[in-house]
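Written below as C-alpha coordinates is the structure these notes are about.
The values are calculated or read from the model by the stated rules, or taken from the named source; none is laboratory data. Given the structure is predicted, the values throughout are model-derived calculations rather than measurements. Because the Cβ atoms are built from the backbone with ideal geometry, glycine has one as well, and the counts that use them run over all protein chains shown. With ligands, DNA and RNA removed, areas are computed over all heavy atoms of the protein, side chains included. Shrake-Rupley method; radii C 1.70, N 1.55, O 1.52, S 1.80 Å.
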Amino acid sequence: MNFEDIGYELSLIYNLSVNHPLQSFEWGEFRKKTGVKVIRRGVIEKNLPAGRQGKILNPYQITIHQTPGFPYFIGYFPKGELPSEELLNELKEIGNKQRLSFIQLEPNVPKFQISNFKFQIDRLRRSFHPLFTRYTFILDLTKTEEELLKNMHQKTRYNIRLSEKKGVKVEIDNSDKAFGEYLKLTKETTERQKFYAHGENYHRLMWSTLKGQWPEASGQKLDTNKLQAHLLTARYKNKILVTYILFTFKVTLYYPYGASSDEHREVMPSHLTMWKAIKFGKNLGLKKFDMWGAANVPDPKPNNEYFGFHRFKEGFGATLTEFIGSYDLVINSLNYRLLTVADKLRWAYLRMKK
(Lines give C-alpha, C1' and ligand atoms only; values in the text may rest on other atoms or scores of the structure.)
Protein backbone atom coordinates (compact mmCIF):
# COMPACT_ATOMS: atom_id res chain seq x y z
CA MET A 1 0.00 0.00 0.00
CA ASN A 2 1.21 3.48 -0.88
CA PHE A 3 0.56 5.82 2.04
CA GLU A 4 0.44 9.54 1.23
CA ASP A 5 0.15 12.78 3.21
CA ILE A 6 -3.40 14.14 3.43
CA GLY A 7 -3.70 17.88 2.80
CA TYR A 8 -6.58 20.34 2.82
CA GLU A 9 -7.70 19.42 -0.70
CA LEU A 10 -8.64 15.96 0.60
CA SER A 11 -10.18 17.09 3.90
CA LEU A 12 -13.74 16.16 2.85
CA ILE A 13 -12.92 12.64 1.70
CA TYR A 14 -10.62 12.19 4.71
CA ASN A 15 -13.41 13.03 7.16
CA LEU A 16 -15.69 10.59 5.35
CA SER A 17 -13.08 7.90 6.03
CA VAL A 18 -12.67 8.39 9.81
CA ASN A 19 -15.15 8.00 12.65
CA HIS A 20 -14.14 10.10 15.63
CA PRO A 21 -13.55 13.83 16.31
CA LEU A 22 -9.92 13.21 17.37
CA GLN A 23 -9.20 11.75 13.93
CA SER A 24 -11.01 14.53 12.05
CA PHE A 25 -9.15 16.93 9.77
CA GLU A 26 -10.28 19.91 11.87
CA TRP A 27 -8.92 18.42 15.10
CA GLY A 28 -5.54 17.97 13.47
CA GLU A 29 -5.50 21.62 12.37
CA PHE A 30 -6.32 22.69 15.92
CA ARG A 31 -3.53 20.57 17.38
CA LYS A 32 -1.05 22.13 14.96
CA LYS A 33 -1.94 25.54 16.41
CA THR A 34 -0.99 24.31 19.88
CA GLY A 35 2.55 23.65 18.65
CA VAL A 36 2.18 19.88 18.31
CA LYS A 37 3.43 18.14 15.17
CA VAL A 38 0.64 16.32 13.32
CA ILE A 39 1.10 13.53 10.79
CA ARG A 40 -1.99 12.68 8.72
CA ARG A 41 -1.71 9.98 6.08
CA GLY A 42 -3.62 7.24 4.30
CA VAL A 43 -3.95 5.24 1.10
CA ILE A 44 -5.89 7.22 -1.50
CA GLU A 45 -8.14 5.21 -3.79
CA LYS A 46 -7.41 6.01 -7.43
CA ASN A 47 -8.61 5.02 -10.93
CA LEU A 48 -12.12 4.29 -9.70
CA PRO A 49 -15.02 3.37 -12.00
CA ALA A 50 -17.23 6.26 -13.06
CA GLY A 51 -19.86 7.14 -10.49
CA ARG A 52 -18.08 5.54 -7.54
CA GLN A 53 -16.99 7.86 -4.74
CA GLY A 54 -13.51 7.10 -3.48
CA LYS A 55 -12.25 7.04 0.07
CA ILE A 56 -9.01 6.91 2.00
CA LEU A 57 -7.98 3.46 3.22
CA ASN A 58 -6.10 2.97 6.49
CA PRO A 59 -6.42 6.67 7.43
CA TYR A 60 -4.53 7.84 10.49
CA GLN A 61 -3.69 11.06 12.27
CA ILE A 62 -1.02 10.99 14.98
CA THR A 63 0.45 13.73 17.14
CA ILE A 64 4.14 13.82 18.07
CA HIS A 65 5.13 14.78 21.62
CA GLN A 66 8.50 15.59 23.14
CA THR A 67 9.62 13.48 26.08
CA PRO A 68 10.86 15.94 28.76
CA GLY A 69 14.63 15.69 29.19
CA PHE A 70 14.91 12.99 26.54
CA PRO A 71 16.02 13.34 22.87
CA TYR A 72 13.23 11.06 21.63
CA PHE A 73 9.51 11.52 21.05
CA ILE A 74 6.20 9.72 21.61
CA GLY A 75 3.44 9.26 19.04
CA TYR A 76 -0.25 9.31 19.93
CA PHE A 77 -2.92 7.75 17.69
CA PRO A 78 -6.29 8.26 19.43
CA LYS A 79 -9.63 6.81 18.34
CA GLY A 80 -8.60 5.42 14.98
CA GLU A 81 -9.72 2.24 13.25
CA LEU A 82 -8.60 -1.27 14.18
CA PRO A 83 -5.02 -1.30 12.85
CA SER A 84 -4.36 -3.61 9.92
CA GLU A 85 -1.02 -5.24 9.20
CA GLU A 86 -0.32 -2.60 6.55
CA LEU A 87 -1.14 0.22 8.95
CA LEU A 88 1.10 -1.15 11.70
CA ASN A 89 3.95 -1.46 9.20
CA GLU A 90 3.40 2.14 8.15
CA LEU A 91 3.35 3.35 11.77
CA LYS A 92 6.55 1.44 12.50
CA GLU A 93 8.25 3.16 9.57
CA ILE A 94 6.98 6.58 10.63
CA GLY A 95 8.12 5.87 14.18
CA ASN A 96 11.67 5.20 13.05
CA LYS A 97 11.76 8.32 10.87
CA GLN A 98 10.42 10.55 13.65
CA ARG A 99 12.69 9.14 16.40
CA LEU A 100 9.73 7.84 18.41
CA SER A 101 10.14 5.59 21.42
CA PHE A 102 6.64 4.20 20.87
CA ILE A 103 3.22 5.06 19.45
CA GLN A 104 0.19 4.75 21.70
CA LEU A 105 -2.96 3.55 19.93
CA GLU A 106 -6.43 3.83 21.44
CA PRO A 107 -8.75 2.44 18.73
CA ASN A 108 -12.33 3.63 18.54
CA VAL A 109 -13.48 0.01 18.52
CA PRO A 110 -16.02 -1.37 21.02
CA LYS A 111 -15.00 -4.74 22.40
CA PHE A 112 -18.22 -6.43 21.30
CA GLN A 113 -17.53 -5.62 17.62
CA ILE A 114 -14.48 -7.86 17.29
CA SER A 115 -13.83 -11.50 18.04
CA ASN A 116 -10.21 -11.77 16.94
CA PHE A 117 -7.55 -9.21 17.76
CA LYS A 118 -4.73 -11.76 17.80
CA PHE A 119 -2.53 -10.40 15.01
CA GLN A 120 -2.46 -6.91 16.42
CA ILE A 121 -1.96 -8.13 19.99
CA ASP A 122 1.11 -10.06 18.87
CA ARG A 123 2.73 -6.79 17.79
CA LEU A 124 1.36 -4.47 20.46
CA ARG A 125 1.67 -4.16 24.23
CA ARG A 126 -0.95 -3.05 26.68
CA SER A 127 -0.31 0.64 27.39
CA PHE A 128 1.42 1.37 30.66
CA HIS A 129 -0.32 4.76 30.78
CA PRO A 130 -3.74 4.82 29.01
CA LEU A 131 -5.15 8.27 28.31
CA PHE A 132 -8.75 7.47 27.41
CA THR A 133 -10.89 5.49 29.82
CA ARG A 134 -11.75 2.00 28.60
CA TYR A 135 -15.46 2.67 29.04
CA THR A 136 -17.91 5.32 27.93
CA PHE A 137 -21.68 5.82 27.98
CA ILE A 138 -23.46 5.90 24.61
CA LEU A 139 -27.10 6.92 24.29
CA ASP A 140 -29.36 5.93 21.39
CA LEU A 141 -30.79 9.20 20.04
CA THR A 142 -33.17 7.47 17.62
CA LYS A 143 -35.52 6.77 20.51
CA THR A 144 -38.41 9.15 21.18
CA GLU A 145 -38.19 11.69 24.00
CA GLU A 146 -40.80 9.67 25.86
CA GLU A 147 -38.72 6.50 25.56
CA LEU A 148 -35.58 8.32 26.65
CA LEU A 149 -37.27 9.76 29.74
CA LYS A 150 -38.76 6.37 30.60
CA ASN A 151 -35.32 4.73 30.47
CA MET A 152 -33.77 7.26 32.84
CA HIS A 153 -33.28 6.69 36.54
CA GLN A 154 -36.29 8.00 38.46
CA LYS A 155 -34.14 10.50 40.36
CA THR A 156 -32.67 11.83 37.11
CA ARG A 157 -36.16 12.51 35.71
CA TYR A 158 -37.13 14.20 38.98
CA ASN A 159 -34.08 16.47 38.90
CA ILE A 160 -34.75 17.49 35.29
CA ARG A 161 -38.31 18.49 36.13
CA LEU A 162 -37.18 20.27 39.31
CA SER A 163 -34.66 22.31 37.34
CA GLU A 164 -37.30 23.31 34.78
CA LYS A 165 -39.75 24.22 37.54
CA LYS A 166 -37.14 26.40 39.27
CA GLY A 167 -36.65 28.40 36.09
CA VAL A 168 -33.25 27.24 34.84
CA LYS A 169 -32.83 28.19 31.16
CA VAL A 170 -30.57 26.15 28.87
CA GLU A 171 -29.61 27.19 25.36
CA ILE A 172 -26.89 27.01 22.73
CA ASP A 173 -24.82 30.19 23.02
CA ASN A 174 -21.69 30.31 20.86
CA SER A 175 -20.98 33.94 21.71
CA ASP A 176 -17.57 35.13 22.89
CA LYS A 177 -19.14 36.31 26.14
CA ALA A 178 -20.52 32.86 26.92
CA PHE A 179 -17.18 31.28 26.06
CA GLY A 180 -15.51 33.63 28.52
CA GLU A 181 -17.85 32.31 31.21
CA TYR A 182 -16.93 28.76 30.17
CA LEU A 183 -13.25 29.54 30.80
CA LYS A 184 -14.02 30.99 34.24
CA LEU A 185 -16.13 28.00 35.22
CA THR A 186 -13.49 25.57 33.93
CA LYS A 187 -10.89 27.18 36.18
CA GLU A 188 -13.31 27.14 39.11
CA THR A 189 -14.25 23.49 38.52
CA THR A 190 -10.67 22.20 38.27
CA GLU A 191 -9.67 24.03 41.45
CA ARG A 192 -12.72 22.76 43.33
CA GLN A 193 -12.51 19.15 42.19
CA LYS A 194 -8.69 19.05 42.04
CA PHE A 195 -8.21 17.50 38.61
CA TYR A 196 -6.01 18.33 35.65
CA ALA A 197 -7.41 20.21 32.65
CA HIS A 198 -5.89 21.87 29.63
CA GLY A 199 -4.94 25.52 30.04
CA GLU A 200 -6.80 28.59 28.81
CA ASN A 201 -4.74 28.93 25.63
CA TYR A 202 -5.58 25.35 24.64
CA HIS A 203 -9.31 26.00 25.04
CA ARG A 204 -9.16 29.31 23.19
CA LEU A 205 -7.39 27.73 20.23
CA MET A 206 -9.84 24.82 20.25
CA TRP A 207 -12.81 27.18 20.24
CA SER A 208 -11.45 29.51 17.55
CA THR A 209 -10.72 26.52 15.29
CA LEU A 210 -13.83 24.42 15.86
CA LYS A 211 -16.53 26.94 16.80
CA GLY A 212 -19.67 26.07 14.89
CA GLN A 213 -22.30 28.33 13.43
CA TRP A 214 -25.54 27.44 15.16
CA PRO A 215 -28.08 26.68 12.40
CA GLU A 216 -30.82 28.83 13.93
CA ALA A 217 -28.50 31.85 13.67
CA SER A 218 -27.20 31.14 10.17
CA GLY A 219 -30.32 29.72 8.58
CA GLN A 220 -28.18 26.91 7.12
CA LYS A 221 -28.13 23.19 7.74
CA LEU A 222 -25.37 22.02 10.08
CA ASP A 223 -22.53 20.26 8.24
CA THR A 224 -21.97 17.19 10.42
CA ASN A 225 -19.17 15.87 8.20
CA LYS A 226 -17.06 18.70 9.60
CA LEU A 227 -16.09 18.68 13.27
CA GLN A 228 -17.79 21.60 15.01
CA ALA A 229 -17.97 22.72 18.63
CA HIS A 230 -21.04 24.24 20.30
CA LEU A 231 -21.46 25.82 23.71
CA LEU A 232 -24.48 24.89 25.82
CA THR A 233 -25.17 27.12 28.82
CA ALA A 234 -27.50 26.86 31.80
CA ARG A 235 -28.61 30.17 33.37
CA TYR A 236 -30.37 30.81 36.64
CA LYS A 237 -31.19 34.30 37.89
CA ASN A 238 -29.12 35.77 35.02
CA LYS A 239 -26.02 33.83 36.03
CA ILE A 240 -24.41 31.02 34.02
CA LEU A 241 -24.12 27.98 36.27
CA VAL A 242 -23.16 25.21 33.83
CA THR A 243 -21.39 25.14 30.46
CA TYR A 244 -20.90 22.18 28.12
CA ILE A 245 -18.77 22.05 25.00
CA LEU A 246 -20.48 19.69 22.56
CA PHE A 247 -18.95 18.25 19.39
CA THR A 248 -20.95 17.28 16.32
CA PHE A 249 -19.29 14.87 13.90
CA LYS A 250 -20.88 12.42 11.46
CA VAL A 251 -23.92 10.82 13.15
CA THR A 252 -22.74 11.33 16.73
CA LEU A 253 -22.93 14.03 19.39
CA TYR A 254 -20.03 14.18 21.89
CA TYR A 255 -19.62 15.77 25.31
CA PRO A 256 -15.86 16.28 25.78
CA TYR A 257 -15.77 19.27 28.16
CA GLY A 258 -17.97 20.59 30.92
CA ALA A 259 -17.74 23.03 33.80
CA SER A 260 -20.05 24.19 36.57
CA SER A 261 -20.41 26.66 39.39
CA ASP A 262 -20.74 25.61 43.01
CA GLU A 263 -23.62 28.08 43.40
CA HIS A 264 -27.31 27.09 43.31
CA ARG A 265 -26.62 23.39 43.04
CA GLU A 266 -30.04 22.85 44.60
CA VAL A 267 -31.73 23.75 41.29
CA MET A 268 -29.98 20.84 39.51
CA PRO A 269 -28.74 22.77 36.44
CA SER A 270 -26.44 19.96 35.27
CA HIS A 271 -29.32 17.51 34.87
CA LEU A 272 -31.33 19.90 32.73
CA THR A 273 -28.22 20.79 30.70
CA MET A 274 -27.60 17.13 29.86
CA TRP A 275 -31.24 16.65 28.88
CA LYS A 276 -31.06 19.71 26.61
CA ALA A 277 -27.86 18.30 25.07
CA ILE A 278 -29.74 15.09 24.28
CA LYS A 279 -32.57 17.06 22.68
CA PHE A 280 -30.04 19.15 20.74
CA GLY A 281 -28.59 15.98 19.20
CA LYS A 282 -32.04 14.63 18.38
CA ASN A 283 -33.08 17.88 16.72
CA LEU A 284 -30.03 17.65 14.47
CA GLY A 285 -31.00 14.13 13.44
CA LEU A 286 -27.95 12.54 15.05
CA LYS A 287 -28.13 8.88 16.01
CA LYS A 288 -25.83 8.55 19.02
CA PHE A 289 -24.63 10.57 21.99
CA ASP A 290 -21.15 9.59 23.19
CA MET A 291 -20.74 11.01 26.70
CA TRP A 292 -16.93 10.81 26.45
CA GLY A 293 -15.82 8.56 29.24
CA ALA A 294 -16.83 6.72 32.37
CA ALA A 295 -15.12 5.16 35.37
CA ASN A 296 -12.30 2.71 34.72
CA VAL A 297 -14.41 -0.18 36.02
CA PRO A 298 -18.01 -1.07 35.06
CA ASP A 299 -19.38 -0.78 38.59
CA PRO A 300 -17.32 1.78 40.53
CA LYS A 301 -17.44 2.03 44.31
CA PRO A 302 -18.07 5.38 46.06
CA ASN A 303 -14.33 5.78 46.74
CA ASN A 304 -13.56 5.65 43.00
CA GLU A 305 -12.44 9.08 41.78
CA TYR A 306 -14.83 8.83 38.80
CA PHE A 307 -17.80 7.58 40.80
CA GLY A 308 -19.78 10.85 40.69
CA PHE A 309 -19.66 11.58 36.98
CA HIS A 310 -20.12 7.86 36.17
CA ARG A 311 -23.34 7.69 38.17
CA PHE A 312 -24.51 11.03 36.73
CA LYS A 313 -24.19 9.81 33.14
CA GLU A 314 -25.58 6.39 33.98
CA GLY A 315 -28.75 8.04 35.26
CA PHE A 316 -29.70 9.11 31.71
CA GLY A 317 -30.18 5.53 30.59
CA ALA A 318 -27.13 5.35 28.33
CA THR A 319 -25.42 2.04 27.57
CA LEU A 320 -22.05 1.45 29.20
CA THR A 321 -19.76 0.51 26.31
CA GLU A 322 -16.34 -1.10 26.70
CA PHE A 323 -13.63 -0.46 24.09
CA ILE A 324 -10.70 -2.74 23.29
CA GLY A 325 -8.35 -0.52 25.27
CA SER A 326 -4.98 1.20 24.86
CA TYR A 327 -1.94 -0.36 23.23
CA ASP A 328 1.64 0.65 22.53
CA LEU A 329 3.53 -0.03 19.32
CA VAL A 330 7.13 -0.17 20.52
CA ILE A 331 9.67 1.47 18.21
CA ASN A 332 12.72 1.64 20.50
CA SER A 333 12.73 -1.17 23.10
CA LEU A 334 15.34 0.35 25.40
CA ASN A 335 13.65 3.75 25.49
CA TYR A 336 10.30 2.09 26.08
CA ARG A 337 11.58 0.18 29.12
CA LEU A 338 13.10 3.37 30.54
CA LEU A 339 9.86 5.29 30.06
CA THR A 340 7.84 2.51 31.67
CA VAL A 341 10.00 2.63 34.80
CA ALA A 342 9.99 6.45 34.84
CA ASP A 343 6.19 6.50 34.65
CA LYS A 344 5.88 4.11 37.61
CA LEU A 345 8.27 6.23 39.69
CA ARG A 346 6.44 9.43 38.75
CA TRP A 347 3.05 8.09 39.84
CA ALA A 348 4.47 6.63 43.03
CA TYR A 349 5.85 10.08 43.85
CA LEU A 350 2.55 11.82 43.06
CA ARG A 351 0.58 9.38 45.22
CA MET A 352 3.00 9.85 48.07
CA LYS A 353 2.84 13.62 47.70
CA LYS A 354 -0.97 13.53 47.68
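What the table shows:
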| item | result |
| --- | --- |
| Qualifying strands (runs of 3 or more DSSP E) (wholly inside region 1-86; at least 3 residues being farther than 15 Å from residue 105 by Cβ) | 37-44, 56-66 |
| Filter result for the condition that a residue is closer than 30 Å to residue 108 by Cα, among the basic types (Lys, Arg), open to solvent by 30 Å² or more (accessible area, probe 1.4 Å) and part of a helix (DSSP H, G or I), over 187, 226, 177 | 187 |
| Residue within region 243-265 that is of a type in the set (Asp, Glu) and free of Cβ contacts under 8 Å to residues at least 12 places away in the same chain present | no |
| Check on residue 301, over 30 Å from residue 255 (Cβ atoms) and either open to solvent by 90 Å² or more (accessible area, probe 1.4 Å) or of a type in the set (Asp, Glu) (or both) | no |
| Residue match in region 281-290 (condition: in contact (Cβ under 8 Å) with a residue 40 or more places away in the chain, part of a helix (DSSP H, G or I), surrounded by 21 or more Cβ atoms within 10 Å (Cβ to Cβ) and not acidic (Asp, Glu)) | yes |
| Selected residue [surrounded by fewer than 22 Cβ atoms within 10 Å (Cβ to Cβ), of a type in the set (A, V, I, L, M, F, W, C) and under 28 Å from residue 199 (Cα atoms)] from 44, 62, 74, 39 | 39 |
| Inter-residue pairs, beta-carbon under 8 Å, first under 20 Å from residue 78 (Cα atoms) and acidic (Asp, Glu) and in region 323-339, second assigned to a loop (DSSP other than H, G, I, E, B) and open to solvent by 10 Å² or more (accessible area, probe 1.4 Å), 6+ apart | 328/124; 328/127; 328/128 |
| Region 295-323, residues that are touching a Leu at 6+ places or on another chain (Cβ under 6 Å) and of a type in the set (Asp, Glu) | none |
| Filter pass, residue 263 being assigned to a strand (DSSP E or B), open to solvent by 30 Å² or more (accessible area, probe 1.4 Å) and not small (Gly, Ala, Ser) | no |
| Qualifying positions in region 81-93 - farther than 11 Å from residue 3 by Cα, open to solvent by 10 Å² or more (accessible area, probe 1.4 Å) and touching a strand residue (DSSP E or B) at 6+ places or on another chain (Cβ under 9 Å) | 81, 84, 92 |
| The one condition in (1) farther than 30 Å from residue 157 by Cα; (2) in contact (Cβ under 8 Å) with a residue 12 or more places away in the chain that residue 307 fails to fulfil | (1) |
